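*Asks:* First the structure, then my questions, so here it is.
Each value in this text was obtained by applying a stated rule to the coordinates, not by laboratory testing. Predicted model only: the values in this text are computed from it and were never measured. Counting neighbours? That spans all protein chains shown, and the Cβs are built from the backbone with ideal geometry, glycine included.
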Amino acid sequence: MKWYQGEFARWTMGWEWVAKCILRDLLTICFYSEKLPRSPKLLAEACGVPLEVFRKHWKAPMRSHFVAYKGGLQNPTMQQRRDEALDLTGKRKIGGDKTAELMRARKAERDGGPQPAGDSALRLVEGLKSKRP
């Protein structure tokens, strides 16, 4: 997850440390899940703080960092970073799949054709048997 400490410091300048911790937890949850629940009780539980403490800090300006999203709440910045991370993960998977395919093709050329799965293990066992006294 990309995290910009300067950005967070600007957002939370002058806040109590508990409010900063709550916001940090909520932003992290936003990044790793699609949305936050709307219920203050569920949000407080997610942050691990008593409901009364959460309610004290769940007001402007903290609340202004979240928008309605698919029946819950989301932080647009974290949603954008989540989308970018998912896109990058997908691109890496495609690249990894292509690399694996290329490696299999090169191995097949080197070994004289495609090898069935497990064939190398059988050759290893046979080679070990032939080396026994």
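*Asks:* Work out Dmax and Rg for the stretch 18-86 from the C-alpha atoms and quote the Rg first, both in angstrom.
*Replies:* That works out to 11.3, 35 Å for Rg and Dmax.
*Asks:* Return the distance in nm (one decimal) between the two label points of a simple spin-label model at ASP25 and PHE8, each offset 7 Å from Cα along Cα→Cβ.
*Replies:* 1.4
*Asks:* Need the full-extension length gain, THR99 to THR77, defined as separation in residues times 0.36 nm minus the C-alpha distance. One decimal, nm. Walk me through the numbers before you get to the answer.
*Replies:* Working: separation 22, 0.36 × 22 = 7.92 nm, distance 3.28 nm.
Here the answer is 4.6 nm.
*Asks:* Would you list TYR32, TYR69 from fewest to most Cβ contacts within 10 Å?
*Replies:* Working: TYR32 10, TYR69 16.
Listing TYR32, TYR69 from fewest to most nearby Cβ atoms yields TYR32, TYR69.
*Asks:* Can you tally the net charge around GLY71? Count Lys and Arg as +1, Asp and Glu as -1, for every other residue whose Cβ sits under 14 Å from the Cβ of GLY71.
*Replies:* Details: positive: LYS35, ARG38, LYS70; negative: GLU34.
With Lys, Arg at +1 and Asp, Glu at -1, the net is +2.
*Asks:* While we're here: If we count other beta carbons within 10 Å of each Cβ, what is the order of CYS30, CYS47, fewest first? If you can, show how the numbers build up before the last one.
*Replies:* On the way: CYS30 25, CYS47 21.
Ascending Cβ contact count within 10 Å gives the list CYS47, CYS30.
*Asks:* Once label points are set 7 Å from the Cα along Cα→Cβ at both ASP87 and ARG38, what is their separation, rounded to one decimal in nm?
*Replies:* Computed distance between label sites ASP87 and ARG38 equals 3.0 nm.
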